[in-house]
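Read through the structure below, which is laid out as structure tokens, and then see the notes.
The values are calculated or read from the model by the stated rules, or taken from the named source; none is laboratory data. These numbers were taken from a predicted model, which means no experiment stands behind them. We place every Cβ from the backbone using ideal geometry, glycine too, and count neighbours over all the protein chains shown. These accessible areas exclude ligands, DNA and RNA; they are computed on the full protein's heavy atoms, side chains included. Shrake-Rupley method; radii C 1.70, N 1.55, O 1.52, S 1.80 Å.
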Amino acid sequence: MSPRAGDDTEITLRPGAPNSAHTANHTHRDVSGGWLRPAVFGAMDGLVSNLALMTGVAGGDVERHVIVITGLAGLASGAFSMAAGEYTSVASQRDLVVAELEVERRELRHNPEDERRELVALYRGRGLPHELAEEVAEHLSKNPEQALEIHAREELGVDPGELPSPMIAAVSSFGSFAVGALLPVLPYLLGASALWPAVVVALLGLFLCGAVVSKVTARPWWYSGLRQLLLGGAAAAVTYGLGTLFGVAVG
């Protein structure tokens, strides 16, 4: 049934929103990744970078304590760097979005008819008849915040009520990187004196992270896990070879 003028029923048309009957038995994974994607990729970054750093130093035939100090220093510096970079990036993006939302809010306040016509064009472009598009746009325009939400989603691709938090992004990046970077150091902290336990633990962690990433991709878990294991193993092998080469050259 089409909306009637004066009807108090709130109308919210969202791009690609399924109807309720279809939603009941048809669901999708969170393709935006939510918290899972940055957390897992932060852990993988910590794993790969610290494993490569430690194997590079170990290739130079140094004492055990040097490798441990290197791993802990890599963990701390990498985690703080990730947190600072993520905070700056998300804060800058948020500031830009807030500024653009203010521009849109100002347009809705000073040029409401132009903005209403934009909504009409939007819904006509999505297949609604002209009369119905006019009716929907008229109804939505009566609520400035609802109209702002529609314009923001269509023109900026954001939801004004769900802007990312720079602090949450920084803390999650710091934590996930630190956890990943800790894995190759852990065997040494528990008493290991050889490199291979650290490599095994790190590669198992990479496989697990890759498998978890399959939750937000269409790849099988074993494929994602194996791919990440091979990439991390290759990075460790290259840096170990370089460490050995430089160790011989310097020695």
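When you count the other C-beta atoms within 10 angstrom of each residue and take the mean per peptide, 48-59, 67-78 line up highest first as 48-59, 67-78. Simple point charges give the picture: +1 on the Cβ of Lys and Arg, -1 on the Cβ of Asp and Glu, and for region 149-251 a dipole about the Cα centre of about 580 debye. Accessible area per residue for region 135-251, computed on protein heavy atoms with a 1.4 Å probe, is 53 Å². Legend: Rg and Dmax of region 34-149, from Cα coordinates, 26.0, 79 Å. Measuring nothing but protein heavy atoms, the accessible surface of region 125-198 at 1.4 Å probe radius is 64 percent carbon and sulfur. Taking the 1.4 Å solvent-accessible surface of region 40-100 as the whole, the part contributed by carbon and sulfur is 63%. Net charge dipole, region 44-150: roughly 320 debye, given to the nearest 20, about the Cα centre with Cβ charges of +1 for Lys and Arg and -1 for Asp and Glu.
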